[in-house]
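The values are calculated or read from the model by the stated rules, or taken from the named source; none is laboratory data. These numbers were taken from a predicted model, which means no experiment stands behind them. Backbone-built Cβ (ideal geometry, glycine too); neighbour counts: all protein chains shown. Ligands, DNA and RNA are stripped out before the accessible areas are found, and what is left, the full protein with its side chains, is counted by its heavy atoms. Shrake-Rupley method; radii C 1.70, N 1.55, O 1.52, S 1.80 Å.
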Amino acid sequence: MVLLDKERIKEIIPHREPFLLIDEVVALEPGKKCIARTYLKEDDFWVPGHFPGYAVTPGVLMIEMLAQTGAVCVGSLPEYQGKTALFAKIDKAKFRRPVLPGEVLTLEVELVRLKAQAGVGRGCAHVDGQTAVTAELTFAFQK
């Protein structure tokens, strides 16, 4: 079941196409946990150049997808509405498998610490139950 489509996601985070990288939110506990999905397509902007003939989703973009998922989790809280979550730190990132066009990437972020000016989340992205990337993300919030 889809809780938030792209239009509703845009009400929470400032990202816009072509850099809005999550398609839908399927589970949300504001300030605690968010699960989103991205449907990877042949016409995604990075496909022609990364890599020709073997279109692997860039790892840095998967980290950004996790960050956007975490930003929805935080931004759904009233006290964080209108604030932008910026990267302060990326830690313990591990890439386990390539992610290709035609696959659905499920993104899960659980917040482990949240204060007025910063937050930390643990993220995991997977395809059909296979882990693609894990990372710990630290956000700083700005108006």
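Using heavy-atom solvent-accessible surface (probe 1.4 Å) with all chains present, what is the largest-first order of M65, M1?
On the way: M65 0, M1 175 Å².
If we order M65, M1 from most to least accessible, we get M1, M65.
Keeping every protein chain present and rolling a 1.4 Å probe, give me the accessible area per residue for segment 58-143 in Å².
48 Å²
How much of the accessible area of the chain, in percent, comes from carbon and sulfur atoms when a 1.4 Å probe is used?
Carbon and sulfur atoms account for 54 percent of the accessible area of the chain.
If I model a spin label as a point 7 Å beyond the Cα along the Cα-Cβ vector, how far apart are those points for T131 and L100 in nm?
2.3 nm
Once you charge only the Cβ atoms, +1 for Lys and Arg and -1 for Asp and Glu, what is the size of the charge dipole of the chain about its Cα centre, to the nearest 20 debye?
Dipole size: approximately 620 debye.
Obtain the nm distance between the two label points defined at V26 and Q81 by a simple spin-label model: each point lies 7 Å from its Cα along the Cα-to-C-beta direction.
2.8 nm
Taking Cα atoms, how many degrees apart are the long axis of helix 59-75 and the longest axis of the chain, rounded to 10 and kept between 0 and 90?
Roughly 30 degrees, rounded to the nearest 10.
Please work out the C-alpha center-to-center distance from segment 1-63 to segment 91-143 and express it in whole Å.
For segment 1-63 versus segment 91-143, the Cα centre distance is 12 Å.
Could you calculate the contour length gain from Y39 to A118, that is, 0.36 nm times the residue separation minus the distance between their Cα atoms, to one decimal place in nm?
Details: separation 79, 0.36 × 79 = 28.44 nm, distance 2.93 nm.
Result: 25.5 nm gained on full extension.
Sort the chain into rounded, prolate or oblate with this rule: let a ≥ b ≥ c be the square roots of the eigenvalues of the Cα gyration tensor; rounded if a/c is under 1.5, and if a/c is not under 1.5, prolate when a/b is larger than b/c, oblate otherwise.
prolate
For the chain: lysine pairs with Cα atoms under 14 Å, gap of 8 or more or different chains, count?
Within the chain, the lysine pair count is 4.
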